Amino acid sequence: MENHQTSLPMKIVVAVLFLFLLAPVLLVFPISFSGEQILSFPPESWSFRWYAALANNSQMMSAFTTSLGLALVVTVLSLAIGIPAAYAIVRLKVAGSQIWYNLFTAPLLLPTIVLGLAILIIFASTGLLGTFTGLVIGHLVVTLPYALRVLAVSLGNLELACEEAASSLGAKPLTVVRRVTLPMMAPGIVATAVLAFLVSFDEVVITMFLAGPRLTTLPVALFHHVESQADPLVASVSVLLVLLTLAIVLVVDRTLGLTRTFVK
Amino acid sequence: MTAGTATFLEPAKRRGTGNVAVALLLPIALVNAVGFIWPILNLAGLSIREALPGGGIGENFTAANWSGLLGDGFYIDLIVNSLVVSLTITLLTLLVSYPIALYLHRATGAWKSFLTVLVISPLLTSAVVRTYGWIALLSDTGPVVKAMTALGIPAPRLMFNTTGVVIGLTEILMPYMILALMAGFGRLDPRVEEAASTLGARPFAVFRRVVLPLTAPGIALGCLLCFVLAVSSFITPKLMGGGRVFLLATEIYDQAIVTLNWPLAATLSVLVLVIFGAALVLYSRAMRLLEQG
């Protein structure tokens, strides 16, 4: 390895490309402390006014509450629906498990713009449009495939020996699941919960089709704000969002190891 | 995808106690049916229904949506424009991602993990936030235009046109391309490159004759992924195009939400899926050619 050093020009190119990749996220931090009325960089004065403006923006705050509640409900439901499904497909080996698995993960293959439109048209006639229930179903369509994937891999990697030992010692099937399988799946369950939460909290396109004037999520509110005016308000929200994501990722990293969770 | 699933489906255990399994699968099947199968079938059906004025949908089956779409100069331009813009973005993304992926492939230890986290971290940031960052960078009051003006270079318009959309989407798709490239770089062994240069090949020849062919599968996978994501991207073109860049995804949204012509929006959606299918066919052709050498 020693004699295969990356040359200096190549290193500079890589550094510049990394800067390009990270520039938009990094730029948001200084802009959030801008004292200007409009979006500009570098700002001529600095202040906390846009954080204060955010705290006083009832629309953004209620969108944030909706997003948080929605993401929590979707996370709990993703686990409640995903764990039994993964168990049936991986452990019980239902007839045609590969087909079921492919069908249940298929929504990931479709663009969200097509899925969003398709769900909008159905929900419009069933009265689910602009309702919390409608948003939950819409989000589950995209979080469940991720949940099933991660849970199925985590379940498939478990040694059968422990479960077999428990049942040969007389434990009933449900007891085996509750006392042996689920505890052993804990890392997979945590990873699924984090993934479902982040996917739901960040979802924009499908939500944009399904949200109503009175019920909207934070990313959709941000989208409409950016669309209509250019001020540093979005920067202060973005900073808080990035910090929230960072906190979640750090917690996961400490408990499970980030690379093990997100990069296989 | 199928390669990954085979591993955990293999250790076949006891045959399913039928009723229990059905009960366990029922909730996910319900969500899948209500939120995926029914809507998608309905959407496909809508593309052959007539649109009535005022947002209504006719009872009769018709090919009018399709013939209207393919006979209208505006839509032909829209489709061609979408394809050209997506291909441009794909190629640019490949160009700016390849050096990073190659560098990451050769890096080791904690440095590699750190850089990998840096590559993944934008994926965990909302597309709206990243697009907003690009608007701040490229707008007339942003650092790029200011710096160019200070240097006396007449700054071109970077926002609310195709240029802005291309720059923004290229950056937004970079993590996907880098991860796909790295996944396909498995066969690239530094010792092979060393052997080539020891035998007298110049750096560029090593790259063209050794590195490039060995990394071709990763390139094909990354390009497929980015093209498909670019064709269906909506947030960035909508925000950075400023209503002046017309692409398939933004037109689907406008037809569905603004014009309320659902049959036309459905037809455009099916067209996007057809483009996806075509891209997949091209990809598998390319992979077969690569395997044959």
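The values are calculated or read from the model by the stated rules, or taken from the named source; none is laboratory data. Given the structure is predicted, the values throughout are model-derived calculations rather than measurements. A quick note on method: Cβ atoms are made from the backbone with ideal geometry, for glycine too, and the neighbour counts reach across all protein chains shown.
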Picked from the stretch B:257-268 (must be more than 9 Å from every other protein chain (Cβ to nearest Cβ) and out of contact with any Asp or Glu (no Cβ under 7 Å at 6 or more places or on another chain)), the residue surrounded by the most Cβ atoms within 10 Å (Cβ to Cβ) is B:Thr267
For the stretch B:104-118 the number of residues that are more than 7 Å from chain A (Cβ to nearest Cβ) and either in contact (Cβ under 8 Å) with a residue 24 or more places away in the chain or crowded, with 22+ Cβ neighbours inside 10 Å (or both) is 2
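Take the residues in the stretch A:182-206 that are outside any helix (DSSP H, G or I) and within 25 Å of A:Phe132 (Cβ to Cβ); name whichever of them is farthest from the other protein chains (Cβ to nearest Cβ).
A:Glu203
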Cβ pairs under 7 Å, 6+ apart or interchain, first in the stretch B:269-286 and crowded, with 17+ Cβ neighbours inside 10 Å, second at pLDDT below 95 and of a type outside the set (A, V, I, L, M, F, W, C), ordered by first then second residue, are B:Val270/B:Ser47; B:Val272/A:Pro111; B:Val272/B:Ser232
Just the residues that are farther than 22 Å from A:Leu39 by Cα and at the interface with another protein chain (Cβ under 7 Å from one of its Cβ atoms), please, taken from the stretch B:123-159. B:Leu124
Please determine whether any residue of the stretch B:167-187 is under 26 Å from A:Phe29 (Cβ atoms), out of contact with any helix residue (DSSP H, G or I) (no Cβ under 8 Å at 6 or more places or on another chain) and free of Cβ contacts under 8 Å to residues at least 60 places away in the same chain. no
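If only one of A:Leu72, A:Leu103 is farther than 30 Å from B:Leu264 by Cα and either surrounded by fewer than 18 Cβ atoms within 10 Å (Cβ to Cβ) or facing chain B (nearest Cβ under 9 Å) (or both), which one is it?
A:Leu72
Let's see how each residue does on (1) exposed (fewer than 12 other Cβ atoms within 10 Å of the Cβ); (2) modelled with pLDDT under 95; (3) out of contact with any Phe, Trp or Tyr (no Cβ under 8 Å at 6 or more places or on another chain); (4) within 11 Å of chain A (Cβ to nearest Cβ):
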site	(1), (2), (3), (4)
B:Gly55	yes, yes, no, yes
B:Ala64	no, yes, yes, no
B:Ser67	yes, yes, yes, no
B:Val96	no, no, no, yes
Would you point out which residue out of A:Val94, A:Val176 is more than 24 Å from A:Ala196 (Cα to Cα), more than 9 Å from chain B (Cβ to nearest Cβ) and crowded, with 18+ Cβ neighbours inside 10 Å? A:Val176
Within the stretch B:280-291, is there a residue that is of a type in the set (Gly, Ala, Ser), more than 9 Å from chain A (Cβ to nearest Cβ) and farther than 25 Å from B:Ile120 by Cα? yes
Any idea how many residues of the stretch B:178-225 are part of a helix (DSSP H, G or I) and either of a type in the set (Gly, Ala, Ser) or in contact with a Pro (Cβ under 7 Å, 6 or more places away or on another chain) (or both)? 12
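Counting only residues that are within 17 Å of the chain's Cα centre (by Cα), give me the helices (runs of 4 or more DSSP H) lying completely in the stretch A:27-139 with at least 1 of them.
A:58-90, A:97-105, A:112-126
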Scan the stretch A:11-51 residue by residue and report those that are more than 17 Å from B:Gly133 (Cβ to Cβ) and within 7 Å of another protein chain (Cβ to nearest Cβ). A:Val13, A:Val14
Count of the stretch B:160-195 residues which are within 12 Å of chain A (Cβ to nearest Cβ) and modelled with pLDDT under 85: 8
What is the number of the single condition among (1) among the charged types (D, E, K, R); (2) surrounded by fewer than 21 Cβ atoms within 10 Å (Cβ to Cβ); (3) in contact with a helix residue (DSSP H, G or I) (Cβ under 7 Å, 6 or more places away or on another chain) that A:Glu44 does not meet? (3)
Residue count, the stretch A:108-127 (criterion: more than 7 Å from chain B (Cβ to nearest Cβ), surrounded by fewer than 24 Cβ atoms within 10 Å (Cβ to Cβ) and either under 12 Å from B:Ala265 (Cα atoms) or free of Cβ contacts under 8 Å to residues at least 12 places away in the same chain (or both)): 6
Pairs with Cβ under 6 Å, 6+ apart, first in the stretch B:230-244 and free of Cβ contacts under 8 Å to residues at least 40 places away in the same chain, second part of a helix (DSSP H, G or I): B:Phe234/A:Ile113; B:Phe234/A:Val205; B:Phe234/B:Ala249; B:Lys238/B:Thr250
Considering only residues that are small (Gly, Ala, Ser) and loosely packed, with under 14 Cβ neighbours inside 10 Å, which ones fall in the stretch B:123-163? B:Ala147, B:Ala150, B:Gly152
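Quick check on my filter: what residues within the stretch A:128-149 are facing another protein chain (nearest Cβ under 8 Å) and closer than 23 Å to A:Tyr87 by Cα?
Hits for the stretch A:128-149 are A:Ile137, A:Leu140, A:Val141, A:Leu144, A:Leu148.
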Report whether or not B:Ala249 is modelled with pLDDT of 85 or more, farther than 18 Å from B:Leu95 by Cα, part of a helix (DSSP H, G or I) and touching a Ser or Thr at 6+ places or on another chain (Cβ under 9 Å). yes
Qualifying residue in the stretch B:9-31 (condition: modelled with pLDDT under 85, surrounded by 15 or more Cβ atoms within 10 Å (Cβ to Cβ) and either outside any helix (DSSP H, G or I) or within 14 Å of chain A (Cβ to nearest Cβ) (or both)): yes
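Count, please, the residues in the stretch B:32-53 that happen to be modelled with pLDDT under 85 and outside any strand (DSSP E or B).
Result for the stretch B:32-53: 1.
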Quick one: how many residues across the stretch B:211-228 are touching a helix residue (DSSP H, G or I) at 6+ places or on another chain (Cβ under 6 Å) and surrounded by fewer than 19 Cβ atoms within 10 Å (Cβ to Cβ)? 2
